[in-house]
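Below you'll find the structure, written out as structure tokens, and then a few comments.
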Amino acid sequence: MKAVSHSSPAPPESDTIAALLTEAQADLASRHVGTPRLDAEVLLSHILQTDRTSLYTRLQRPLSAAHKRQFADLITRRKQREPLAYITGSREFWSLEFHVDKHVLIPRPETEIVVHTALRLLHNTALATPGILDMGTGSGCIGVALATELPQAAVWALDIEDEALALARQNARHHAVDERLTFCQGDLFAPISHLTERFHLIVTNPPYIDRETVDTLQPEVRLWEPQRALDGGQDGLDFYRRLLYDSPNYIRPGGWLVMEIGHDQRDAILQLAQAQCHLSIQNCVQDYAGHDRVVVFQRAA
């Protein structure tokens, strides 16, 4: 008499991780998503709470029905060109994880140059407690990154949007620097106009895309990221005009203003600054593609 096998039947091939990833890749590619395989892997790794390397050790395993539904839902969101960072709710910046949502810009690698430049300036001084102002903090990525690198620093983070400040506070708590950050809501310097103390350093990644170009950006940016954080006015320079005019009132003599700029805005911004006798250009730092990306001004001593 033959022994009866009680082993479970093999899962349908179409239910394996490998097959579902291939299907999702084709689905995303049909909607012109730029990196369909990578995006599918990131989303499935997010659902399974694993990394992409571990995912490849499980390719022939089936997904549970619940995970298949979750994966299908996330793929649908990505097909609508919602950014990966908004779907997963996080983005790495300065080797730190930041929570992000539709109320804030997704941190970009280029913005790390602002942090690097600010640290270089402050490390060359003997300041016991540097005072830093992060203007338009958004997710808080610049201010929080600086606070993690400078344990003695006092950081003020300003933003016009309450929702952005709530997220920045969450990120500050997540990285245990919230006790050294002061958050204020309002337009430009309005919420700190009462302060008598000035800052050693102001850092900012402002809206700098001209209005006509905003309408030509890729769907992930144009349709999903907050327009107020992108639109710099007709020529992209509205924020810089106001910042260059007002910032000397809030910078200590010898202190700095470090601003991210558009790749083709250097000359226009330097021209704007010529009318501001309290600020002098110190440096222009290029990004990884060789474009002018960060300008450094110093207040007259």
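A few comments on the model shown:
- Residue list for region 45-70, filter: surrounded by 15 or more Cβ atoms within 10 Å (Cβ to Cβ), out of contact with any Lys or Arg (no Cβ under 9 Å at 6 or more places or on another chain) and under 15 Å from Ile87 (Cα atoms): His46, Ile47, Gln70
- Residue count for region 144-167, restricted to those that are of a type outside the set (Val, Ile, Thr), part of a helix (DSSP H, G or I) and in contact with a helix residue (DSSP H, G or I) (Cβ under 7 Å, 6 or more places away or on another chain): 4
- The residues listed here are Gln271, Gln286, Gln282, Gln265; of these, the one that is buried (at least 17 other Cβ atoms within 10 Å of the Cβ) and not aliphatic (A, V, I, L, M) is Gln265.
- Those residues of region 110-143 which are in a loop (DSSP other than H, G, I, E, B) and under 14 Å from the mean Cα position of the chain (by Cα), in sequence order: Gly136, Thr137, Gly138, Ser139, Gly140
- Taking region 96-139 as the range and being farther than 19 Å from Thr182 by Cβ, among the small types (Gly, Ala, Ser) and in contact with a Phe, Trp or Tyr (Cβ under 7 Å, 6 or more places away or on another chain) as the test, no residue passes.
- Scanning region 255-295 for residues that are under 15 Å from Tyr245 (Cα atoms) and assigned to a strand (DSSP E or B) turns up Trp256, Leu257, Val258, Met259, Leu279, Ser280, Ile281.
- Residue, farthest from the chain's Cα centre (by Cα), within region 156-165, restricted to residues that are without any contact (Cβ under 8 Å) to a residue 40 or more places away in the chain and more than 13 Å from Thr204 (Cα to Cα): Asp162
- Subset of region 85-96 that is in a strand (DSSP E or B) and within 10 Å of the chain's Cα centre (by Cα) - its residue that is farthest from Cys141 (Cα to Cα): Ser90
- Out of Asp159, Asp101, sole residue that is buried (at least 19 other Cβ atoms within 10 Å of the Cβ), acidic (Asp, Glu) and in contact with a Leu (Cβ under 7 Å, 6 or more places away or on another chain): Asp159
- Residue satisfying all of: in region 214-239; among the charged types (D, E, K, R) and in a loop (DSSP other than H, G, I, E, B); surrounded by the most Cβ atoms within 10 Å (Cβ to Cβ) among these: Glu225
- Looking only at region 175-204, and only at residues there that are surrounded by 14 or more Cβ atoms within 10 Å (Cβ to Cβ) and more than 26 Å from Ala128 (Cα to Cα), the one that is modelled with the lowest pLDDT: Leu188
The values are calculated or read from the model by the stated rules, or taken from the named source; none is laboratory data. Just so it is clear, the model here is predicted, and its values are computed rather than measured. Positions of Cβ are backbone-derived with ideal geometry, glycine not excepted, and every protein chain shown enters the neighbour counts.
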